[in-house]
1. Amide H of Val92: which non-local residues (sequence gap of 5 or more, or other chain) have their own amide H closer than 5 Å, using H built in the peptide plane?
2. Arrange His351, His243 by Cβ neighbour counts within 10 Å, fewest through most, would you?
3. Is the shape of the stretch 266-367 best called rounded, prolate or oblate, per the rule: a/c under 1.5 gives rounded, else a/b larger than b/c gives prolate, else oblate, with a ≥ b ≥ c the square roots of the Cα gyration tensor eigenvalues?
4. What lysines sit close enough to Lys259 to cross-link, taking a C-alpha to C-alpha distance under 18 Å and skipping anything fewer than 8 places away on the same chain?
5. Pull up all non-local amide H partners of Arg11: gap of 5 or more, or a different chain, and H-to-H distance under 5 Å with H placed in the peptide plane.
6. Sort 100-113, 274-287, 158-171, 300-313 by packing, meaning the average of other beta carbons within 10 Å per residue, with the highest value first.
7. Given 0.36 nm per residue, what is the gain on full extension from Asp255 to Gln294 after removing their alpha carbon distance, in nm?
8. Once R0 is set to 30 Å, what does the formula 1/(1 + (r/R0)^6) return for the Cβ-Cβ distance between Asp286 and Thr191, expressed as a FRET efficiency to the nearest 0.05?
Amino acid sequence: MGQHKFFNSSRPVGSCSGYTSSTSKALGPLQVVGSQNQLFEVTFYDEFNGVSLPDGRGGCYASGGGGGWARWTFGPLGPLRGSAGTFCVTPVEQSKSLSLTVSSPSSKELRPVGTGGNSTAELVAKVVEGTTPKAGLAVQFTTDATANSGGHDHDNPPRPKAALAPASGTTDANGEVRFRFNATQISGVHTITATCNDCVNKTAVEKVTVKVPGLLNIFTLPFRDPNWAYPGVGQTDNHLDNHYLTVAAAARLLDISRKYQKIWPTAPRLTLNDGSLVWGGKFDIDGTWDQNTQRHNEHRIGDNVDVRANNAQGAVPANIRDAVFRWLRKTSRQADSIPADFVIESVNPLHEGIGKVNEHFHLRLGN
Ligand SMILES: [Zn+2]
Ligand SMILES: [Zn+2]
């Protein structure tokens, strides 16, 4: 009983050789030598029997760890007496795949530029083949913002995109390209796309949210006090929802509006124009995405609100306007007759647009 030449032998991935056999014997075990986690395919053609072997036992195998050896047992087969054929171990081309992640999970939520805190995130694009990092592959990056996100109910013209630096790169020895996402002053949801043309999935995406967290619609409970609720104005097609404040600022506003009603009981309740947008950031009144205009330069972090003080219905009446402004500045005069209980901390107001249709008090309510 001779032994088959492939009995207890090893073959490297990529080898293909003929064999002859003069005995009926199971083949194997055979060892295939490959790099770690390499995929290979085994084919066995038996000329004597005129069949491809092994009857469905061929196929793809992954070599394991530990020096790149894989033990592959082939058999039992037979009879192979006098047979001849070929035995091949063929490497299987693996798919390169691309992934994209924000390197620090906390950076998935950024703040608009100009609102304090972090406005930039590092992202990592990575290309692997199986588990092996692949170097030298080109990856490009683009970003886009979700229309109408962040409290901006307008998308024409499209909002400015965040800056990506760099906008492309080549994977390093770790299979990685790192780049930065730099938010603008404008809140919203951004989708970042990495593209690798040599990868099976071509693209990978990640989302980053740019927002001032924790803002509250002041017309929701508990701030919607049925006795002292204040009407809101200033909603436009560009910004349908424009009355967001921090909890602290909303509480302070409620206190101010209650005291105002007690000091000037015959005056209309305070009529409130813009606070901040739901996610804060630059409040571009005209829907132009202008980040540089001085208009509404504050109103970004939920600590400002505008109080109507023109000649429109519900505005602070002209005959008490100056006295109210002094009260808001905490510079009341004796003649203003403000009861001690109703004195407030100054909210550092501005009296803007005096004599114009948009005349108002701009309050700084603190955070
Ligand atoms: Zn807007
Ligand atoms: Zn204002």
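1. Counting only residues 5 or more places away or on other chains, the set is Leu39, Phe40, Glu41.
2. Numbers: His351 16, His243 26.
In increasing order of surrounding Cβ atoms, one gets His351, His243.
3. Values: a/c = 2.40, a/b = 1.67, b/c = 1.44.
Judged from the Cα gyration tensor, the stretch 266-367 comes out prolate (a/c at least 1.5, a/b above b/c).
4. The qualifying lysines are Lys330.
5. Correct list: Gln31, Val32, Val33.
6. Values: 100-113: 16.7, 274-287: 24.1, 158-171: 15.2, 300-313: 21.7.
So the order, starting with the most tightly packed, is 274-287, 300-313, 100-113, 158-171.
7. Working: separation 39, 0.36 × 39 = 14.04 nm, distance 2.89 nm.
The span from Asp255 to Gln294 would gain 11.1 nm if fully extended.
8. Details: r = 26 Å, r/R0 = 0.86.
E between Asp286 and Thr191, to the nearest 0.05, is 0.70.
No lab work stands behind these numbers, since they all come straight from the coordinates. Remember, predicted model here, so these are calculated numbers, not experimental data. Cβ atoms come from the backbone with ideal geometry, glycine included; neighbour counts cover every protein chain shown.
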